[in-house]
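The values are calculated or read from the model by the stated rules, or taken from the named source; none is laboratory data. Quantities reported herein were computed from a predicted structural model and do not represent experimental measurements. Positions of Cβ are generated from backbone atoms using ideal geometry, with glycine treated the same way; all protein chains shown enter the neighbour counts.
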There are 2 protein chains.
Amino acid sequence: MKIFIVGVGLIGGSLALDIKDAFKNAIIYGIDNNDKHLTKAKELHIIDEITTIEDVIDADIVIVSIPVNTSLKVIPEILNNVSDNCLVMDVGSTKTQICEIIKNHPKRRNFLATHPIAGTEFSGPSAALKKLYNGKTNIICEVEKTAFKLQEKALEIFSKLGMRIRYMDAKSHDKHIAYVSHLSHISSFMLGKTVIEKEKNERDIFDMAGSGFASTVRLAKSSPEMWTPIFEQNKENVIETLDEYIHNLKHFRELLKDNNFSEIHAEMKNTNHIKQILNGIQEITLL
Amino acid sequence: MKIFIVGVGLIGGSLALDIKDAFKNAIIYGIDNNDKHLTKAKELHIIDEITTIEDVIDADIVIVSIPVNTSLKVIPEILNNVSDNCLVMDVGSTKTQICEIIKNHPKRRNFLATHPIAGTEFSGPSAALKKLYNGKTNIICEVEKTAFKLQEKALEIFSKLGMRIRYMDAKSHDKHIAYVSHLSHISSFMLGKTVIEKEKNERDIFDMAGSGFASTVRLAKSSPEMWTPIFEQNKENVIETLDEYIHNLKHFRELLKDNNFSEIHAEMKNTNHIKQILNGIQEITLL
């Protein structure tokens, strides 16, 4: 089974590691526009061979794990060149535009749009981890547009990696994910910015910052190359979440200003409910 | 050595556990207005005896770990009643008001204002942890106002618990801590609120939320009883940090709206610098 990983970073690299473990007959071919990443991925035994996009005609499965703007160009090209039985999957954080762009492609039925909800704040092949996907959710969009045999092949892989599957249309995916993922990244980046701007003397930050700050600002370490195109593609939804977030922050500020501490208490008490919601989600710590 | 812990929750309970391990002659007396917490603390061997505030006359050391508004009332009372050689310490997240309120107290030199930068999002005696303070920073304010022998006794304890000491005046403490701790709590609480409000169907949150969201929203599990008075006491500084945070979020929103993605990339790239700043801070995960 020849599996091509396009983009051998955290996400693609971690998939490669688990697929190699789960499928003994898998040969992993790596493609990346960063030669250092390819060499590193080979050195770390994440991939077996380095190859180029021209060779995808030989692939049984192609997994595209690159920034979502580049995916819009690369995935149609890959579909042009793969064989009739090849499964092409993307794993990006936005789903509407990619589904839209390939909806009339002659090989649409070779494509499956997925979003494994897993990751860390790190990037590149050195960040790849075994078992990253174990116990996590994978959101699959427009499954009915993928050939039955090919989505079956995909489900077999995700099942062996220990993932839960959830089906969703692309627009709903992008709307919900703006709340539970994209907004968190912005809140974290802007928190980091606010503190860095103020605390010119970094020693002060280091000494006084505890585990709470580290946790809240963790996502501000994420890759701008990966995240800029995500915000671009999901702009409308992200602006909506940001408006609601800013509104809530301003409301909290007004309560503070008005000394309305009973209401501040109530706001926090109500939000404590997040405990029950999050039970079961494992926080990944790599600091 | 008779050590009285006033407030046998996460912070006081964790101190008690480590002090018992470090000082074999320590007898820990617990005081709390919550009888269930006292019973639980005794059951968990966090405290040796249950007692009341009237008995502090017998104490060698009193550690006050209760909400910071209650501290303002309780600490002067404790100082009224302790012996001349007793060390009284508080461990609250705000320092200006407590230092102000006791500045002319006849037993001012028996008091030491401290803030160990450690904790989790949980509360109560069941949340108490051994080694919580190991490797963490303890900020000590106005050390010159404490009797030399008594601050020496405090430093011996903190040293045995593995803490780094940093001296600071109370006003500076409250200003800096607003950025690296209090603002994080508000950003996290309001993020939780925004997502809960939107995602009425909790199953959607649970399925789609990953480790990133869990990490960013972790502090929204914190105790409103503890945090409301902290925001009240540090209101001016907190409003200032909130204004800067909201300003940065609005700026990011405008960049998005204007499709200025090169600037969005630059904002994130600059903030990635938080990686270097945070190196060495351990994130505590208990999910």
Residues that are facing chain B (nearest Cβ under 7 Å), within 17 Å of B:HIS265 (Cβ to Cβ), part of a helix (DSSP H, G or I) and not polar (S, T, N, Q): does the range A:202-217 have at least one? no
Within the set of pairs 6 or more residues apart or between chains, which connect a residue that is within 12 Å of A:LYS171 (Cβ to Cβ) inside the range A:95-113 to a residue that is among the hydroxyl-bearing types (Ser, Thr, Tyr) and part of a helix (DSSP H, G or I) with Cβ atoms less than 9 Å apart? A:GLN97/A:SER71
Test: residue in the range B:203-218 that is more than 21 Å from B:HIS247 (Cα to Cα), crowded, with 24+ Cβ neighbours inside 10 Å, under 16 Å from the mean Cα position of the chain (by Cα) and modelled with pLDDT under 95: yes
Any chance B:PHE231 is without any contact (Cβ under 8 Å) to a residue 24 or more places away in the chain, in a helix (DSSP H, G or I), in contact with a helix residue (DSSP H, G or I) (Cβ under 7 Å, 6 or more places away or on another chain) and at the interface with another protein chain (Cβ under 7 Å from one of its Cβ atoms): no
Those residues of the range A:210-258 which are under 20 Å from A:LEU72 (Cα atoms) and hydrophobic (A, V, I, L, M, F, W, C), in sequence order: A:MET226, A:TRP227, A:ILE230, A:PHE231, A:VAL238
Note: among B:ILE196, B:ILE140, B:ILE177, just one is in contact with a helix residue (DSSP H, G or I) (Cβ under 9 Å, 6 or more places away or on another chain) and more than 9 Å from every other protein chain (Cβ to nearest Cβ), namely B:ILE140
What is the residue count in the range A:1-39 for residues that are outside any loop (DSSP other than H, G, I, E, B), surrounded by 20 or more Cβ atoms within 10 Å (Cβ to Cβ) and of a type in the set (D, E, K, R)? 1
Just a yes or no: is a residue in the range A:104-113 polar (S, T, N, Q) and surrounded by fewer than 20 Cβ atoms within 10 Å (Cβ to Cβ)? yes
Those residues of the range A:48-68 which are over 20 Å from the mean Cα position of the chain (by Cα) and either buried (at least 24 other Cβ atoms within 10 Å of the Cβ) or closer than 21 Å to A:GLN151 by Cα (or both), in sequence order: A:VAL56, A:ILE57, A:ASP58, A:ALA59, A:ASP60
If you check A:THR285, A:THR241, which single one turns out to be at pLDDT 95 or above and closer than 30 Å to A:ASN69 by Cα? A:THR241
With respect to B:SER83, is the statement that it is part of a loop (DSSP other than H, G, I, E, B), away from chain A (no Cβ under 14 Å), of a type in the set (Ser, Thr, Tyr) and in contact (Cβ under 8 Å) with a residue 24 or more places away in the chain true? yes
Taking only the range A:237-268 into account, find how many residues are more than 35 Å from the chain's Cα centre (by Cα), closer than 16 Å to B:LEU242 by Cβ and more than 7 Å from chain B (Cβ to nearest Cβ). 6
